[in-house]
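The values are calculated or read from the model by the stated rules, or taken from the named source; none is laboratory data. Source: prediction; values computed, not measured. With ideal geometry, Cβ positions are generated from the backbone for all residues, glycine too; neighbour counts draw on all protein chains shown. With ligands, DNA and RNA removed, areas are computed over all heavy atoms of the protein, side chains included. Shrake-Rupley method; radii C 1.70, N 1.55, O 1.52, S 1.80 Å.
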Amino acid sequence: GGAVLLQNGQIPASFSHNVAGTAPRTAVGFSADKKTMFLVVVDGRQATSRGMTQKEMAQLMLKLGASDALNLDGGGSSTMVVRPLGEKNPTVINRVSEGVQRLIANGLGIFTNAPKGKVHGLKIVAKSFNVPKGGSRTFEVRAYDEYFNPLDIDQSQVKWSVSKDIGVFEGNVFKARSSGFGQVTASYGGITASQEIMVMGNPVKLSITPDK
(Lines give C-alpha, C1' and ligand atoms only; values in the text may rest on other atoms or scores of the structure.)
Protein backbone atom coordinates (compact mmCIF):
# COMPACT_ATOMS: atom_id res chain seq x y z
CA GLY A 1 0.00 0.00 0.00
CA GLY A 2 0.91 3.63 -0.38
CA ALA A 3 -0.56 6.80 1.06
CA VAL A 4 -3.57 6.82 3.37
CA LEU A 5 -6.48 8.30 1.40
CA LEU A 6 -9.04 8.36 4.21
CA GLN A 7 -8.82 8.12 7.97
CA ASN A 8 -11.94 8.12 10.13
CA GLY A 9 -13.97 9.58 7.28
CA GLN A 10 -11.55 12.43 6.59
CA ILE A 11 -9.19 13.13 3.70
CA PRO A 12 -5.74 14.02 5.09
CA ALA A 13 -4.64 17.65 4.72
CA SER A 14 -1.62 16.25 2.84
CA PHE A 15 -0.74 12.74 1.68
CA SER A 16 2.39 10.99 2.93
CA HIS A 17 3.31 10.83 -0.73
CA ASN A 18 1.34 11.84 -3.80
CA VAL A 19 1.58 10.43 -7.31
CA ALA A 20 0.78 13.61 -9.24
CA GLY A 21 -1.50 13.94 -12.26
CA THR A 22 -4.39 11.88 -13.54
CA ALA A 23 -3.73 8.17 -13.83
CA PRO A 24 -5.31 4.75 -13.37
CA ARG A 25 -5.84 4.22 -9.64
CA THR A 26 -6.38 1.33 -7.25
CA ALA A 27 -7.53 1.59 -3.63
CA VAL A 28 -8.88 -0.50 -0.79
CA GLY A 29 -11.16 0.79 1.94
CA PHE A 30 -13.53 -0.13 4.76
CA SER A 31 -16.77 1.33 6.04
CA ALA A 32 -16.87 2.85 9.52
CA ASP A 33 -18.52 -0.28 10.97
CA LYS A 34 -15.89 -2.49 9.25
CA LYS A 35 -18.65 -4.61 7.69
CA THR A 36 -18.09 -3.47 4.10
CA MET A 37 -14.85 -3.68 2.14
CA PHE A 38 -14.30 -1.58 -0.98
CA LEU A 39 -11.94 -2.71 -3.73
CA VAL A 40 -11.88 0.02 -6.37
CA VAL A 41 -10.09 0.40 -9.70
CA VAL A 42 -10.39 3.48 -11.92
CA ASP A 43 -9.23 3.23 -15.54
CA GLY A 44 -7.08 5.97 -17.05
CA ARG A 45 -4.75 7.10 -19.84
CA GLN A 46 -7.34 6.33 -22.50
CA ALA A 47 -10.09 8.09 -24.41
CA THR A 48 -12.90 6.60 -22.33
CA SER A 49 -11.34 7.52 -18.97
CA ARG A 50 -8.62 10.06 -18.14
CA GLY A 51 -8.08 8.54 -14.69
CA MET A 52 -8.08 10.44 -11.40
CA THR A 53 -5.78 12.48 -9.25
CA GLN A 54 -4.96 11.01 -5.85
CA LYS A 55 -7.29 13.50 -4.15
CA GLU A 56 -10.11 12.62 -6.56
CA MET A 57 -9.57 8.95 -5.69
CA ALA A 58 -9.88 9.80 -2.00
CA GLN A 59 -13.09 11.71 -2.73
CA LEU A 60 -14.45 8.75 -4.68
CA MET A 61 -13.75 6.31 -1.85
CA LEU A 62 -15.51 8.66 0.57
CA LYS A 63 -18.51 8.95 -1.78
CA LEU A 64 -18.74 5.17 -2.08
CA GLY A 65 -19.02 4.88 1.69
CA ALA A 66 -15.49 4.15 2.88
CA SER A 67 -14.31 5.63 6.18
CA ASP A 68 -10.70 4.43 5.93
CA ALA A 69 -8.87 3.86 2.64
CA LEU A 70 -5.39 3.11 1.37
CA ASN A 71 -3.89 3.94 -2.03
CA LEU A 72 -2.43 0.91 -3.85
CA ASP A 73 -0.18 0.66 -6.91
CA GLY A 74 -1.81 2.37 -9.91
CA GLY A 75 -0.93 3.10 -13.52
CA GLY A 76 -0.46 0.04 -15.68
CA SER A 77 -0.70 -2.13 -12.56
CA SER A 78 -4.35 -1.19 -11.95
CA THR A 79 -6.13 -4.45 -12.75
CA MET A 80 -9.36 -5.89 -11.38
CA VAL A 81 -10.13 -9.57 -11.86
CA VAL A 82 -13.54 -10.96 -10.88
CA ARG A 83 -15.29 -14.29 -11.23
CA PRO A 84 -18.72 -13.21 -12.52
CA LEU A 85 -21.75 -14.57 -10.71
CA GLY A 86 -22.40 -18.16 -11.73
CA GLU A 87 -19.22 -18.45 -13.81
CA LYS A 88 -16.31 -20.77 -13.02
CA ASN A 89 -13.43 -18.70 -14.38
CA PRO A 90 -12.22 -15.23 -13.37
CA THR A 91 -11.85 -12.48 -15.95
CA VAL A 92 -10.34 -9.00 -16.14
CA ILE A 93 -13.24 -6.53 -15.94
CA ASN A 94 -11.46 -3.20 -16.32
CA ARG A 95 -9.53 -1.78 -19.27
CA VAL A 96 -5.85 -1.92 -18.36
CA SER A 97 -4.06 1.21 -19.53
CA GLU A 98 -1.31 -0.55 -21.46
CA GLY A 99 -3.74 -2.73 -23.43
CA VAL A 100 -2.35 -5.93 -21.92
CA GLN A 101 -1.93 -7.11 -18.36
CA ARG A 102 1.31 -6.03 -16.74
CA LEU A 103 3.44 -8.60 -14.93
CA ILE A 104 3.16 -7.41 -11.32
CA ALA A 105 4.66 -8.87 -8.19
CA ASN A 106 1.75 -8.56 -5.81
CA GLY A 107 -2.00 -8.20 -5.54
CA LEU A 108 -4.89 -8.37 -3.13
CA GLY A 109 -7.14 -11.40 -3.54
CA ILE A 110 -10.29 -12.72 -1.91
CA PHE A 111 -11.17 -16.40 -2.23
CA THR A 112 -13.98 -18.55 -0.86
CA ASN A 113 -13.57 -21.94 0.77
CA ALA A 114 -17.29 -22.38 1.45
CA PRO A 115 -18.58 -25.84 0.54
CA LYS A 116 -20.91 -26.16 -2.42
CA GLY A 117 -24.59 -26.33 -1.54
CA LYS A 118 -27.93 -26.48 -3.32
CA VAL A 119 -29.14 -24.15 -6.05
CA HIS A 120 -29.97 -20.80 -4.49
CA GLY A 121 -30.19 -18.52 -7.54
CA LEU A 122 -30.04 -18.34 -11.32
CA LYS A 123 -28.61 -15.83 -13.77
CA ILE A 124 -29.80 -15.69 -17.38
CA VAL A 125 -27.06 -15.31 -19.99
CA ALA A 126 -27.14 -14.77 -23.75
CA LYS A 127 -24.97 -13.26 -26.46
CA SER A 128 -27.29 -10.25 -26.42
CA PHE A 129 -30.66 -9.35 -24.94
CA ASN A 130 -31.63 -7.51 -28.13
CA VAL A 131 -33.22 -9.83 -30.69
CA PRO A 132 -34.01 -8.90 -34.30
CA LYS A 133 -37.64 -9.29 -35.32
CA GLY A 134 -38.00 -12.66 -36.99
CA GLY A 135 -34.68 -13.77 -35.52
CA SER A 136 -33.75 -16.09 -32.68
CA ARG A 137 -31.54 -16.10 -29.61
CA THR A 138 -30.18 -18.97 -27.49
CA PHE A 139 -30.45 -18.51 -23.73
CA GLU A 140 -28.79 -20.36 -20.85
CA VAL A 141 -28.71 -20.02 -17.09
CA ARG A 142 -25.86 -20.01 -14.62
CA ALA A 143 -26.69 -21.48 -11.23
CA TYR A 144 -25.10 -20.66 -7.87
CA ASP A 145 -25.55 -21.63 -4.22
CA GLU A 146 -26.06 -19.43 -1.16
CA TYR A 147 -22.30 -18.78 -1.00
CA PHE A 148 -22.22 -17.81 -4.72
CA ASN A 149 -20.32 -20.96 -5.70
CA PRO A 150 -21.08 -21.83 -9.35
CA LEU A 151 -23.08 -25.05 -9.78
CA ASP A 152 -23.55 -27.40 -12.73
CA ILE A 153 -27.17 -28.07 -13.64
CA ASP A 154 -28.98 -29.93 -16.41
CA GLN A 155 -29.83 -27.14 -18.85
CA SER A 156 -32.49 -29.32 -20.49
CA GLN A 157 -34.51 -29.20 -17.23
CA VAL A 158 -34.78 -25.40 -17.32
CA LYS A 159 -38.25 -24.14 -18.29
CA TRP A 160 -38.40 -20.94 -20.35
CA SER A 161 -41.19 -18.42 -20.95
CA VAL A 162 -41.57 -14.87 -22.24
CA SER A 163 -44.17 -12.22 -21.51
CA LYS A 164 -46.26 -9.97 -23.79
CA ASP A 165 -46.49 -12.44 -26.66
CA ILE A 166 -43.39 -11.05 -28.40
CA GLY A 167 -42.18 -14.54 -29.28
CA VAL A 168 -42.02 -18.19 -28.27
CA PHE A 169 -39.46 -20.57 -26.83
CA GLU A 170 -38.48 -23.86 -28.40
CA GLY A 171 -36.36 -25.43 -25.69
CA ASN A 172 -33.92 -22.68 -24.76
CA VAL A 173 -34.13 -20.92 -28.14
CA PHE A 174 -36.29 -17.80 -28.27
CA LYS A 175 -37.91 -16.98 -31.62
CA ALA A 176 -38.96 -13.36 -31.94
CA ARG A 177 -42.32 -12.60 -33.54
CA SER A 178 -43.25 -9.00 -32.79
CA SER A 179 -41.37 -5.88 -31.73
CA GLY A 180 -41.39 -4.66 -28.14
CA PHE A 181 -40.04 -5.30 -24.66
CA GLY A 182 -40.70 -8.39 -22.58
CA GLN A 183 -39.46 -10.46 -19.67
CA VAL A 184 -37.75 -13.79 -20.23
CA THR A 185 -38.19 -16.10 -17.23
CA ALA A 186 -36.19 -19.24 -16.47
CA SER A 187 -37.32 -21.79 -13.86
CA TYR A 188 -35.36 -24.67 -12.38
CA GLY A 189 -36.34 -26.70 -9.33
CA GLY A 190 -38.60 -23.97 -7.98
CA ILE A 191 -35.94 -21.23 -8.47
CA THR A 192 -36.68 -18.52 -11.04
CA ALA A 193 -34.83 -15.64 -12.70
CA SER A 194 -36.02 -12.94 -15.10
CA GLN A 195 -34.34 -10.75 -17.69
CA GLU A 196 -35.75 -7.94 -19.82
CA ILE A 197 -35.26 -8.36 -23.56
CA MET A 198 -36.10 -6.23 -26.59
CA VAL A 199 -37.30 -7.44 -29.94
CA MET A 200 -36.18 -4.79 -32.38
CA GLY A 201 -38.29 -3.21 -35.11
CA ASN A 202 -38.13 -3.84 -38.82
CA PRO A 203 -34.55 -3.64 -40.14
CA VAL A 204 -33.60 -0.56 -42.17
CA LYS A 205 -29.90 -1.19 -42.74
CA LEU A 206 -27.60 -4.19 -43.06
CA SER A 207 -23.83 -3.90 -42.63
CA ILE A 208 -20.98 -6.40 -42.83
CA THR A 209 -18.00 -6.45 -40.46
CA PRO A 210 -15.19 -6.35 -41.47
CA ASP A 211 -16.07 -4.30 -44.54
CA LYS A 212 -12.87 -5.22 -46.38
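A count restricted to region 16-60 and to residues that are touching a residue at least 40 places away in the same chain (Cβ under 8 Å), open to solvent by 20 Å² or more (accessible area, probe 1.4 Å) and assigned to a loop (DSSP other than H, G, I, E, B) stands at 4. For region 94-106, indicate whether the set of residues that are surrounded by 14 or more Cβ atoms within 10 Å (Cβ to Cβ) and under 19 Å from residue 190 (Cβ atoms) is non-empty. No, region 94-106 contains no residue that is surrounded by 14 or more Cβ atoms within 10 Å (Cβ to Cβ) and under 19 Å from residue 190 (Cβ atoms). Taken over region 158-212, the criterion of being under 13 Å from residue 124 (Cα atoms) and of a type in the set (Lys, Arg) is satisfied by 159 alone. Given the criterion open to solvent by less than 40 Å² (accessible area, probe 1.4 Å) and farther than 25 Å from residue 28 by Cβ, identify the matching residue among 86, 134. Among 86, 134, only 86 is open to solvent by less than 40 Å² (accessible area, probe 1.4 Å) and farther than 25 Å from residue 28 by Cβ. Test residue 169 against the criterion of being farther than 20 Å from residue 87 by Cα, modelled with pLDDT of 95 or more, out of contact with any Gly (no Cβ under 9 Å at 6 or more places or on another chain) and open to solvent by 80 Å² or more (accessible area, probe 1.4 Å), and give yes or no. No; evaluated as a whole, the condition is false for this residue. Restricting attention to region 6-17, the residues being over 12 Å from residue 56 (Cα atoms) and under 30 Å from the mean Cα position of the chain (by Cα) number 4. On inspection, residue 73 passes the criterion of being open to solvent by 20 Å² or more (accessible area, probe 1.4 Å), over 21 Å from the mean Cα position of the chain (by Cα) and not hydrophobic (A, V, I, L, M, F, W, C). Considering region 172-195, the residues that are free of Cβ contacts under 8 Å to residues at least 24 places away in the same chain and touching a strand residue (DSSP E or B) at 6+ places or on another chain (Cβ under 8 Å) include one that is least open to solvent (accessible area, probe 1.4 Å), namely 182.
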